[in-house]
Amino acid sequence: MRAPFVLRRHPAVLAALLATAALAGLAAASSPFVRAGVRSESLRSQVRLLSPLAAGLEVRTGGRVPLDATRRATAARVGRSLPSVGSVVSTSMVEVGVAGSGGNGLDVIAMARTGALRHVGIVSVAKQSRDGVWISTGTAQKLGLRGGLRAGDTLPLTVAGIPGETRSAVVRLPVAGVYRALDGDLDNPYWTNFVQDIRPKSNLLPLPPAFVFMREQTLLRVARALNLPVQNRFEYPVDPSSLTYTGAARTTRRFAELRKELSQPGAPPALGCGTTARCTARSSLDAALIVAAANVAAVAPTITLVSGAGLAIAFALTFAAGVFLVRRRADEVNLLYARGEWPLAFGVRSGLEALLPVVAGVAIGFVAALLALRAFAAAGTIDRRTILNGAASAAVAGAVVLLTVAAGAFLAFPHRWRARLPGRAARLPWELLPLSVAALLAALVLTGHGLAHDSTGRAHPTLALFLLPVVACAGLSGLVVRAARGLLQQRFGASPPELFLAARRLAGARALLVAVVVCGAVAFGTFAYALTLARSLERSAAQKAAIANGSDVQGLVDPGATVTKPFPFPVALVQVDALDVSLPDGRRIDLVAGDPAALARTIVWGDDWPHDPRPLLSRLRDSGRLAAIATPGAPATDAVVYQGARIPVQVVGHAVVPGASAGRPALLVSSAALSKAAKRAHIFEPGPGAVGLLWARGSAAEIVPALERSDLAPVYLSTPGQIRENGSVVAAERSYEYVRVIGAGAGVLSLLALLLYLGARQRTQLIATALARRMGLSAFRDAAALALEAGAIVLVAAGTGALVAVLTALPLIDRIDPLPLYAPGASAVIPWTTIAGAVGLATVAGMLLGAAASVVAAREDVAEALRVA
């Protein structure tokens, strides 16, 4: 009965359990909360992009003139029954023609639409425009009318499709004003459902009939006079400000039900859906939901990674709390062990003791995640389903926290089988297990399982990729500690007292020291591993983007194009032939040709990038053999087969060739020299399979307009930034950044673990301090000894973790390249300066913690420590 309240006597463990349980609840609840926030925000962005009218429901119907008012009233009632939609936008239309327009006639669409004049550009207005109509500038021009119309000008309307003068009835209406033609305002979201009525399907076709805006009563009068039916469109816009993903899914289902109802013969006749007419309905909201789901899928791996890392840290800390709970109750535990207590029963009781703080901590973490979502996510994101998902995840995390606490207490409790364990089995290195797991994970990553692809096709780092350095650092750091303790027991006999005392303490330490070093190595290894991958990705993406794009701007041009007018920026024309060229043995290669001088001015190259082609461009002189620059690793050759003709070549150097394909050898030659060689071989130049590229260097904002105005007519203009913004690159960069932050945070926690380790040795340290005082060791020297000890622990842990992480990352960089289709291969970058600085900073911090622990120990009651000991 008293089990849930026992931890009141151990406030340090109680506080630790509260904090770690809160971290677990926060991490677990954040995953569904962040997904909901991303999903809703993405959905709203898509609705704004499509426009609320396009994402909403559009119903098309029509019928007799007298029932137009009934159809509008029924449409308004239907709108009030639909969720998450605004007021209906009603449109009535009649296809008419302009009487006396001559020639083939001029057809127009008489339209009465809710708020139409508020969404057009007004060009001119008549003095009296109350009952008049509005025509477009295109209609005015075709009718010979001018912008400033005088009162009294009229627009004669008749039946459409009858050119010239007719015997049909004519309705004459005053022109109230002229509006700007809508074909120049297609981005207006108000007209998004009428784009097909405003713009022709092809540039070879004429413009569709323009709209003539008028009041509803006027439109009905025209329809009655001409005996024409009325077409109706009713649009129900969605409200992006209060739209959530679950709400949009519910609205989409309601739209689908309504579409099904309207398509059946028994549809509401008041809406114009009779047996002779059919109502049709459509909506783009389902497409917005698909895009939002795809965007969530793009960030889901990162969300899972961060949440999983936070949970892993929380579970590790709660396991440690269970271990420290046993250590702090050593007298009670030893008594229970002597009385024959079952370790499993003690573990279960420890879990019950942790129940209340864990429940409280998980609740705190859940509330913190909910408040963060409310603060940072768009309004309306939080709904009942989101809260239930977050609560369920937090509850599961709380259950796992209780299990880890119980597991820590169970393993820390004395076991009788340990005393009966054979000596050789007891000395079996535990490091073999994590090293075996590391080998398995390395095999998985090296065989292509380092990246996963989501439904959008984007590549994301897998969890196995980030677990690899964790288990590798854990196993190898354990071996390092095992070897270092053996060396320390045989050295430092004649050393200064500070060094001797620090060495003896390290040599005599056991399991807790191993745990501290392993934690530090894992934390720092994770940081160094993510940093190495991030820097390598950064350079690789920049290099691949520049090489694939050739320069700051690239465009496709005719292979035979030439520059006839100079540009105010460097420009180079390049021909790339990947179809007509091979080596004499039949292996395919790329042939890139351009003017060496122009290429030297336009090629963009980083200062620290290897294999720069620019210094070799001057060697591409015209000679008997075709001088060429080959890509690194290209086979040695003295000729190429181009369009079936053998052309002698002379490789003058090896460098990266911009514009070449990934994984295929390439040669860069002078276009003038290639043209002469082609003439001697009586083949085409450029070749039938050649592609023309234009490379320009400078500001894209200045280059693109100038190129578009030039006679080169480049198409598909691109910049390196478009490649660097690839979804796979962004996902990898985001993942590495999060893991780096997690590693840095874990490093701080490892320093706290060091402080706890020094505190766990407090009693022994107090006795040693008293004996050292009797031997004449000053307080300063004692603090220096403890500082050396703590600094050595951090140095070994950080150094081992950094070395293992770098060695683990290097062979994987090529395997986890998010841009494998771009040349060249991935570049490996080891940030030695940053890693060395971080190791030094961590070592100094550890030494300061050791000195601080010595000062705290010196202030304790030594007599009390001796009595307790």
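The values are calculated or read from the model by the stated rules, or taken from the named source; none is laboratory data. Source: prediction; values computed, not measured. Note: ideal-geometry Cβ built from the backbone for every residue, glycine included; neighbour counts use all protein chains shown. What goes into the accessible areas is simple: the full protein's heavy atoms, side chains included, and nothing from ligands, DNA or RNA. Shrake-Rupley method; radii C 1.70, N 1.55, O 1.52, S 1.80 Å.
Computed quantities for the displayed model
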| item | result |
| --- | --- |
| Subset of region 826-845 that is of a type in the set (A, V, I, L, M) and not in a helix (DSSP H, G or I) - its residue that is nearest to Ala528 (Cα to Cα) | Ile830 |
| Counted residues, region 804-828 - those being of a type in the set (A, V, I, L, M) and surrounded by 20 or more Cβ atoms within 10 Å (Cβ to Cβ) | 9 |
| Unique residue being over 26 Å from Asp239 (Cα atoms), open to solvent by 50 Å² or more (accessible area, probe 1.4 Å) and in contact (Cβ under 8 Å) with a residue 40 or more places away in the chain when the list is Arg60, Arg64 | Arg64 |
| Among the residues listed as Leu50, Leu43, Leu7, Leu14, the single one being of a type outside the set (D, E, K, R) and either surrounded by 24 or more Cβ atoms within 10 Å (Cβ to Cβ) or at pLDDT 80 or above (or both) | Leu43 |
| When residues of region 23-35 are limited to those that are open to solvent by 20 Å² or more (accessible area, probe 1.4 Å) and closer than 14 Å to Ala363 by Cβ, the one modelled with the highest pLDDT | Leu26 |
| Filter result (at negative phi, of a type in the set (Gly, Ala, Ser) and either over 44 Å from the mean Cα position of the chain (by Cα) or open to solvent by 70 Å² or more (accessible area, probe 1.4 Å) (or both)) within region 335-354 | Ala338, Ala345 |
| Qualifying residue in region 681-691 (condition: touching a Pro at 6+ places or on another chain (Cβ under 7 Å), open to solvent by less than 30 Å² (accessible area, probe 1.4 Å), farther than 14 Å from Tyr642 by Cα and modelled with pLDDT of 90 or more) | no |
| Filter pass, Ala701 being out of contact with any strand residue (DSSP E or B) (no Cβ under 6 Å at 6 or more places or on another chain), among the hydrophobic types (A, V, I, L, M, F, W, C) and surrounded by fewer than 18 Cβ atoms within 10 Å (Cβ to Cβ) | yes |
| Hits in region 623-640 (condition: crowded, with 22+ Cβ neighbours inside 10 Å and in a loop (DSSP other than H, G, I, E, B)) | Thr631 |
| Candidates Ala338, Ala375, Ala395, Ala320 - the one that is within 30 Å of Ser40 (Cα to Cα) and modelled with pLDDT under 85 | Ala375 |
| Set Leu668, Leu674: member being open to solvent by less than 60 Å² (accessible area, probe 1.4 Å), among the hydrophobic types (A, V, I, L, M, F, W, C) and farther than 18 Å from Trp605 by Cα | Leu674 |
| Test: residue in region 216-234 that is modelled with pLDDT of 85 or more, touching a Pro at 6+ places or on another chain (Cβ under 9 Å) and under 30 Å from Gln46 (Cβ atoms) | no |
| Condition check for Val47: part of a helix (DSSP H, G or I), under 28 Å from Ala256 (Cα atoms) and touching a residue at least 24 places away in the same chain (Cβ under 8 Å) | yes |
| Test: residue in region 102-120 that is at pLDDT below 90, β-branched (Val, Ile, Thr) and either assigned to a loop (DSSP other than H, G, I, E, B) or touching a helix residue (DSSP H, G or I) at 6+ places or on another chain (Cβ under 8 Å) (or both) | no |
| Single condition Ala76 does not satisfy, out of (1) over 15 Å from Asn193 (Cα atoms); (2) surrounded by fewer than 22 Cβ atoms within 10 Å (Cβ to Cβ); (3) in contact with a helix residue (DSSP H, G or I) (Cβ under 8 Å, 6 or more places away or on another chain); (4) aliphatic (A, V, I, L, M) | (3) |
